[in-house]
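Notes follow once the structure below has been shown.
The values are calculated or read from the model by the stated rules, or taken from the named source; none is laboratory data. Since we're looking at a predicted model, the values are computed, not measured. Virtual Cβ from ideal backbone geometry, glycine too; neighbours counted across all protein chains shown. Ligands, DNA and RNA are stripped out before the accessible areas are found, and what is left, the full protein with its side chains, is counted by its heavy atoms. Shrake-Rupley method; radii C 1.70, N 1.55, O 1.52, S 1.80 Å.
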Number of protein chains: 2
Amino acid sequence: MYKESATFYHAGCPVCVEAEQQLATALDPTRYAVEIVHLGEQPQRLAQAREAGVSSVPALVVGGLPFHINFGASLADLGG
Amino acid sequence: MYKESATFYHAGCPVCVEAEQQLATALDPTRYAVEIVHLGEQPQRLAQAREAGVSSVPALVVGGLPFHINFGASLADLGG
């Protein structure tokens, strides 16, 4: 079955970890292929995150739309 | 199988509808029983939302933790 991709961007902050453990893992695994991207460790993914409309982390991009979840850090503070 | 309850609070705003269609419906239905609460139509649920730590909508409460998704309206503007 085709799975839609979903990308969870975070930076390891406590707010991010909470969101990852509760939300990113709560998505239906039969419908979504969830990729977890740590922007602190993978700064080369910052451009992709910005293009998806992400302005702060943690954020989940699903269906091409960025959803900012609470607030951990702005992309600008991550070198974005 | 036991399902954990998850509550999606919204107020019918465009940001809320987008989050509901993309995120609230993306949760794994085998693990989560998702309730959708429109605080504009059910103001009697405002106190419960506040107690869960919700300060703006749309928000998803899962595992007892409030996750504010983007920003549609503050609870104060909804009579909270």
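Within the stretch B:61-78, one or more residues are out of contact with any helix residue (DSSP H, G or I) (no Cβ under 9 Å at 6 or more places or on another chain) and at pLDDT 95 or above.
Within the stretch A:25-55, the set of residues being open to solvent by less than 20 Å² (accessible area, probe 1.4 Å) and among the acidic types (Asp, Glu) comprises just one member, A:Asp28.
Tell me, yes or no, whether the stretch B:17-24 has at least one residue that is exposed (fewer than 13 other Cβ atoms within 10 Å of the Cβ) and either under 22 Å from A:Arg31 (Cα atoms) or in contact with a helix residue (DSSP H, G or I) (Cβ under 7 Å, 6 or more places away or on another chain) (or both). Yes: the stretch B:17-24 contains one or more residues that are exposed (fewer than 13 other Cβ atoms within 10 Å of the Cβ) and either under 22 Å from A:Arg31 (Cα atoms) or in contact with a helix residue (DSSP H, G or I) (Cβ under 7 Å, 6 or more places away or on another chain) (or both).
Just name the residue that is nearest to A:Phe71 (Cα to Cα) out of those in the stretch B:51-80 that are within 14 Å of chain A (Cβ to nearest Cβ) and of a type in the set (S, T, N, Q). The selected residue is B:Asn70. Based on what the data block shows, is B:Thr30 of a type in the set (Ser, Thr, Tyr) and in contact with an Asp or Glu (Cβ under 7 Å, 6 or more places away or on another chain)? So B:Thr30 fails the test.
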